[in-house]
Amino acid sequence: MRKVKDMLKAFWAIPFMKYAIVLVAGVLLIGFVGSNSVWAHFRYKLRISELKDEIEHFEGEYQRDQAQIHLLQSNPKAMERIARERYFMKRAEEDIFVIDEE
């Protein structure tokens with residue numbers, strides 16, 4: 001045990017060793033521990049890029065839906081076409097056959 005203590009004292013007595021230890025501990029603390037660490041910063045950047053991609057996707061859907069709403073408000077034939085395609089609505093004198101391709 002005494003030999004270990006002597007080795008630690010000799011190690012600590014090396015000039016600037018205290019500063020090197022504090023520097024290494026500080027880099028580890030700033031780099032990997034806490035919510036403001038460099039590691040967390042990279043994870044936040046990745047999440048931001050994912051969210052920006054998601055925003056672009058939903059903006060595209062929004063623009064498509066707005067165009068369809070405008071078409072439905074301005075053209076009654078478009079409303080009839082969508083009612084027939086999506087909801088299988090028909091006129092009184094028509095018959096509709098739905099073919100399932102399973």
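For region 57-84: of the residues being out of contact with any helix residue (DSSP H, G or I) (no Cβ under 9 Å at 6 or more places or on another chain) and of a type in the set (A, V, I, L, M, F, W, C), which is most open to solvent (accessible area, probe 1.4 Å)?
PHE58
Quick grid of which residues meet (1) assigned to a helix (DSSP H, G or I); (2) open to solvent by 70 Å² or more (accessible area, probe 1.4 Å); (3) among the hydrophobic types (A, V, I, L, M, F, W, C):
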| residue | (1), (2), (3) |
| --- | --- |
| GLY26 | yes, no, no |
| ILE48 | yes, yes, yes |
| ILE55 | yes, yes, yes |
| ARG86 | yes, yes, no |
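For region 48-80, how many residues are of a type in the set (Lys, Arg) and under 37 Å from the mean Cα position of the chain (by Cα)?
Within region 48-80, the first condition is being of a type in the set (Lys, Arg), and the residues that meet it are 52, 64, 77.
Restricting the remaining residues to those that are under 37 Å from the mean Cα position of the chain (by Cα) gives 52, 64.
Total meeting the criteria: 2.
Has region 3-12 got at least one residue that is of a type in the set (A, V, I, L, M), at pLDDT 85 or above and loosely packed, with under 10 Cβ neighbours inside 10 Å?
Just the residues of region 3-12 that are of a type in the set (A, V, I, L, M), to begin with: 4, 7-8, 10.
Checking the rest, the ones that are also at pLDDT 85 or above come to 4.
Narrowing the set further to residues that are loosely packed, with under 10 Cβ neighbours inside 10 Å leaves 4.
Yes: region 3-12 contains one or more residues that are of a type in the set (A, V, I, L, M), at pLDDT 85 or above and loosely packed, with under 10 Cβ neighbours inside 10 Å.
The values are calculated or read from the model by the stated rules, or taken from the named source; none is laboratory data. All values derive from a computational prediction rather than experimental measurement. Every residue, glycine among them, receives a Cβ derived from its backbone with ideal geometry; neighbour counts consider all protein chains shown. Remember, those area values only see protein heavy atoms, side chains included, never the ligands or the DNA or RNA. Shrake-Rupley method; radii C 1.70, N 1.55, O 1.52, S 1.80 Å.
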